[in-house]
Amino acid sequence: MTYANQEEHEILERHLAVQFLRGLAAEPPARGVTVPRLSDGLLSGRPRSPIEAALLRACIEAGLPRAEAQRPFAEFDADGREHVRTIPDFAWPQQQVAVYCYGWEFHSSPEQRAADAERRDWLKRQGWEVLAFWGREIVN
């Protein structure tokens with residue numbers, strides 16, 4: 001377990017690995033198979049939650065292009081200052097597709113849902129296709 005594979009920590013099981021390696025040591029040499037890492041599905045950024053990691057794994061398995069995680073979208077105010085308007089969990093700039101992953105605990109209040117809708121609508125007005133998934137949808 002390292003910083004580089006922290007997205008996979010939840011699926012790593014030391015005792016299973018030991019059992020597997022002991023069995024492997026008794027086998028003749030075999031050709032290795034590369035197991036994709038979460039970073040293989042990203043151009044930049046990192047997932048910030050288990051539901052984001054789960055969605056990214058599904059995107060990798062589906063063969064989708066590499067995405068940008070946590071890509072900020074900014075606009076300029078009247079004084080010319082830039083401020084971040086929204087940060088989708090994943091974005092595919094070439095396809096102009098953005099995805100939000102919503103956990104119920106943070107995104108369930110009426111106020112938060114209204115703020116989320118406003119962010120999605122703003123991004124749609126910029127010409128992006130916007131998708132939003134609840135954590136339960138992703139996990140299932």
Calculated on alpha-carbon atoms, Rg and Dmax of the chain in Å
19.1, 69
Antiparallel DSSP beta bridges within segment 24-140, as percent of all bridges there, nearest 5
55 percent
Per DSSP H run of at least 4 residues, take -39500 (n - 2.57); add these up for the chain, divide by its residues and hand me the 222 nm value, nearest 500 deg cm²/dmol.
-10000 deg cm²/dmol
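Once you have the Cα-Cα distance between residue 104 and residue 44, take 0.36 nm times their residue separation minus that, and quote the gain in nm to one decimal.
Values: separation 60, 0.36 × 60 = 21.60 nm, distance 2.60 nm.
Contour length minus the Cα-Cα distance gives 19.0 nm.
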Residue 116 and residue 16 label points (each 7 Å along its Cα→Cβ direction) are spaced in nm at 3.0 nm
For peptides 74-85, 115-126, sequence by mean Cβ density within 10 Å, most packed first
115-126, 74-85
Given charges at Cβ of Lys, Arg, Asp, Glu: segment 20-107 dipole, positive-most of 73, 47, 25
25
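Can you give the extra length, in nm with one decimal, that the chain gains between residue 76 and residue 140 once fully stretched, where that is 0.36 nm per residue apart less the Cα-Cα distance? Numbers along the way, then the final one.
Values: separation 64, 0.36 × 64 = 23.04 nm, distance 3.91 nm.
Value of the extension gain: 19.1 nm.
Throughout, read-outs are computed from the coordinates displayed, never taken from laboratory work. Note that the structure is a prediction, hence the values are computed from the model and not measured. Positions of Cβ are generated from backbone atoms using ideal geometry, with glycine treated the same way; all protein chains shown enter the neighbour counts.
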